[in-house]
Amino acid sequence: MRAADSAGRPIPSSVLSLGAQPLVSANAHAAPAHGGHEEHHHYTTTGLDSRKIAIWAFIGSECMLFASLISTYLIYKGRSIVGPFPHTAWTNPQTGQVMKPILNIPVTSASTFVLLMSSLAMVLALAAVENKDKPLPAGAGLGDRMLASSKLWLWATCLLGAGFLAFQAYEFTSFVHEGLTIKTNLFGSTFFTLTGFHGAHVTAGVIWLGTLLAIDYKRGLGPKDALNVDIAALYWHFVDVVWIAIFTLLYLIPD
Amino acid sequence: MATVAASPTYASHATGEKEGIMAWLTTTDHKKIGTLYLHTSLFFFIFGGLEAVLMRWQLMKPNMTVVTADQFNQLFTMHGTTMVFLAIMPLSAAFFNYLIPLQLGARDVAFPRLNAFSYWVYLFGGLFITIPIFGWMAPNGGWFAYAPLSGRTYSPGINMDFWVLGIQILGVSSLAAAFNFATTVINLRAPGMNLMRMPMFTWMSFVTQFLIILAFPVITIALVFLQFDRFFGTNFYQVSAGADPLLWQHLFWVFGHPEVYILILPAFGLVSEVLPTNSKKPLFGYPVMAYSGILIGFLGFGVWAHHMFAVGMGPIGDTVFSLTTMLIAIPTGVKIFNWIFTMWGGSIRFTAAMKFAIGLIALFTIGGISGISHSSPPSDLQQTDTYYIVAHFHYVLFGGAIMGIFSGIYHYFPKMYGRYMNETLGTWHFWLNFIAMNLTFFPMHFSGMLGMPRRIYTYDANQGWDTFNMISTAGAFLLMPATLIFIYNFFSSKKGGEPAPPNAWDAATLEWSIPSPPPEYNFAKIPVVHSRYPLWDLTHPERTKDVPHTDAGMVHTGEHDVVDMHIETETFTAKQLGIPMPSATIKPFWTALGMVIMFTGLLMMPHNKTAGYAGIGVGAAMLVGFLYAWLTTPLEEHH
């Protein structure tokens, strides 16, 4: 039976999910629901779970965070006094040493691809969690079974995220070996801080997804957990979208 | 099925509810957290006031030696920082906490434990940044900490480290609270309370939350740059490495100007409750009041560079920011006129709250007019960095925000404690405060126009400033007894004040339809709202006959305890009524403490690496551990 409020509007499944903590809880004696958990039909003004609204507010705030970082990078673009520079070579006037443009665009294109694919895996993970209760069609093949596996897609998302971080670790290390640290010049300061902040966000996301994976192994994620996964997915997609901006503005646009 | 008529024999503390200090440390009740905010921020308000008095003492006469130059730097830095981040913002937060759920008809905020976390982070962050002044090690680079001057080169000591990390901590508190309150307003309104029926305080608070959400990340990043420059030797503000010396100013004021609206809008909201109630009329021009608040919020992000007219931005930049600054006076002026028209033709009751509200209108208008006078760059060049600016922002912040907050305290005290504050003492407080405030800050217009710069720790005689400084100092000294009267009144009225009925001022909004102090569950039955003044619909229908009444948004929720607008007079426990409440928990407290220990470790890094690593390690372990325990515990116990 599809739940609906009295005005006939369907109540989104996320509102009815177990994860939704009673916030303006009104009725302690609601009928016990499936799975032995008490289900609270909590009225909220929008019909959405409050956590869904809060994550959007959080993402709005994060937009300003990255906007500040990216603006600073752009303001300081081309203002470094000493090299290495991102897109052009630099000759050290003291030593005569020539430093090549430091950005490795092919490698970063690969890591960008990896991160974007993680968003695809995230979408599939959420779909698998939402549809966990639906029986597989008769004669379901390997493809159907794979699509229905939330563990597979959560693993894929985590590993692709970790892969992106590995690329970043490689990039940072090689830059340091080539003579660019966070102290070297304005490019180094802005570059490492901006991409480092993004990497920290990816790391937080991988840990977050890891906890969902742990829950999946412990008791299995199902439709009642869809909101939890949905919120993590929103964050994950946001971090990906930010990377598209960073990749375009830092790597693809030359000086 | 539990009803209001349920047997009251249930022992109120039968189920392991915490008592004494633990009840405060573990509370998740928005009203208790609001009370904690109120007391803590009043403490910091007094503290910041004493810092100001010390400065005024030093400036009383030429060439005084009450404090040294460096101590004076610490005093003005901490006075500004304290008043902005530790007094006015959290005083507003006290009202957000206490009033938003009550005005919305909700039983708590959206995230009660996050709410407790915000408070504890604020408390620990406030102590973190305040304690150093006892050893004269406090931040000394001004409350806006202009880099490169606040960088390691020019501010080598630990002083500015406290500031950089302390403000970062306080930002966490403000942001967490802002997500919480924005969500609460969006999602926890009583049936029928559409946005255009929200009480004006909640409206202005709602706008404020968006300002916090969008402005604080910018200062976070500016602080990260400064922190990296100071701790890790990066180049963000290193002019020798090609950095732009204006970067900090731009980032700071992109945050800093919305911040001044973060400070004033809640006070505007409070007087928008006090004025209609005590004029016995609906608020004049309600929709325009709401829209002007939103417009102030929008424009507030487009005026930041008027703080920087003196840096030489060029004619285009100066013109644009001059025009936006003049524009923002329009919605602000609209508010002033609407308050006056609210009182116009009303039968006005001059309570202490009402006096402070009218005081806000008068004093904020003076501050607004001096503000317009420096929206013009040529005029501003004569005024910038002089005492004229000090006069201006004290008229808007003291005359505006603080007067509004005092008004709110007198008005809502009976709701919080079930007793009135003493009106006679309130009147004394108002007049002393009003006179002393003008005595302190009005002469600064003149000393500023005569060229007295801000932030000087002393001055030579016979520059035409002597008399004005003496008057200002006399005013500052007079503010002390004024505040003392308030403090005495506040604490003595808690116990001995005249008992107040639930609707102490015959007001119109939901918070007055329940007992005072409100029971833990707020509303036994959630009311359904048909107009902006649901309580006057019951008690004074003649006052609301011109206000639109509809059934709009009045969905039936399917909850058995949602009923038509009514008045609740009896107090029960949530258990008696079968209302599940968030469990008390200590975890937000420890999580917040862990975070602050982590920051303390970071602070130690340049001085003692072992202590630094230890602090960061212990703090991070606490943060992660208690956060994990928090997130894996349900909000409510299962009944």
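The values are calculated or read from the model by the stated rules, or taken from the named source; none is laboratory data. Remember, it's a predicted structure, so these values are computed and weren't measured experimentally. Cβ atoms come from the backbone with ideal geometry, glycine included; neighbour counts cover every protein chain shown.
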The residue that is surrounded by the fewest Cβ atoms within 10 Å (Cβ to Cβ), considering only those in the stretch B:226-245 that are of a type in the set (A, V, I, L, M, F, W, C) and more than 7 Å from every other protein chain (Cβ to nearest Cβ), is B:Val239
How many residues of the stretch B:384-405 are among the hydrophobic types (A, V, I, L, M, F, W, C) and more than 19 Å from the chain's Cα centre (by Cα)? The answer is 3
The residue from A:Leu194, A:Leu213 that alone is within 11 Å of another protein chain (Cβ to nearest Cβ) and in a helix (DSSP H, G or I) is A:Leu194
In the stretch B:569-579, anything hydroxyl-bearing (Ser, Thr, Tyr) and either within 14 Å of chain A (Cβ to nearest Cβ) or under 22 Å from B:Arg113 (Cβ atoms) (or both) is listed as B:Thr573
Note on the stretch B:580-639: residues within 14 Å of another protein chain (Cβ to nearest Cβ) and among the hydrophobic types (A, V, I, L, M, F, W, C) are B:Met581, B:Ala620, B:Leu623, B:Val624, B:Leu627, B:Ala629, B:Trp630, B:Leu631, B:Leu635
Residue count, the stretch A:68-82, condition within 8 Å of chain B (Cβ to nearest Cβ) and free of Cβ contacts under 8 Å to residues at least 60 places away in the same chain, comes to 2
A:Val241: passes all of (1) buried (at least 16 other Cβ atoms within 10 Å of the Cβ); (2) under 16 Å from A:Cys63 (Cβ atoms) but (1)
Picking from B:Asp564, B:Asp537, B:Asp551, B:Asp506, the residue that is more than 30 Å from B:Ile348 (Cβ to Cβ), of a type in the set (D, E, K, R) and away from chain A (no Cβ under 14 Å) would be B:Asp564
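In this structure, does B:Gly157 turn out to be under 25 Å from A:Phe58 (Cα atoms) and more than 14 Å from chain A (Cβ to nearest Cβ)?
Judged against the criteria, B:Gly157 is not a match.
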Flagged pairs (Cβ under 6 angstrom, 6 or more apart or on separate chains; first in the stretch B:472-501, closer than 30 Å to B:Met60 by Cβ; second small (Gly, Ala, Ser)) are B:Gly475/B:Ala436; B:Leu478/B:Ala436; B:Leu479/B:Ala436; B:Ala482/B:Ala436
Selection over the stretch A:42-52 where residues are touching a Phe, Trp or Tyr at 6+ places or on another chain (Cβ under 9 Å) and at the interface with chain B (Cβ under 7 Å from one of its Cβ atoms) yields a count of 1
Checked against (1) of a type in the set (Phe, Trp, Tyr); (2) in contact (Cβ under 8 Å) with a residue 40 or more places away in the chain; (3) out of contact with any Pro (no Cβ under 8 Å at 6 or more places or on another chain), B:Phe162 satisfies every condition except (3)
- Out of all the residues in the stretch B:189-203, is one or more facing chain A (nearest Cβ under 8 Å), at pLDDT below 95 and surrounded by fewer than 24 Cβ atoms within 10 Å (Cβ to Cβ)? yes
Residue hits (the stretch A:128-146; surrounded by fewer than 16 Cβ atoms within 10 Å (Cβ to Cβ) and in a helix (DSSP H, G or I)) are A:Leu142, A:Gly143, A:Asp144, A:Arg145, A:Met146
Filter pass, A:Thr88 being of a type in the set (Val, Ile, Thr), free of Cβ contacts under 8 Å to residues at least 40 places away in the same chain and in a loop (DSSP other than H, G, I, E, B): no
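Name every residue in the stretch B:572-590 that is in a helix (DSSP H, G or I), touching a residue at least 40 places away in the same chain (Cβ under 8 Å) and within 27 Å of the chain's Cα centre (by Cα), in order of residue number. Steps first, answer last, please.
First pass over the stretch B:572-590, keeping only residues in a helix (DSSP H, G or I): B:574-577, B:587-590.
After this cut, where a residue has to be touching a residue at least 40 places away in the same chain (Cβ under 8 Å) as well, the list is B:574-577, B:587-589.
Answer for the stretch B:572-590, where residues must be in a helix (DSSP H, G or I), touching a residue at least 40 places away in the same chain (Cβ under 8 Å) and within 27 Å of the chain's Cα centre (by Cα): B:Lys587, B:Pro588, B:Phe589.
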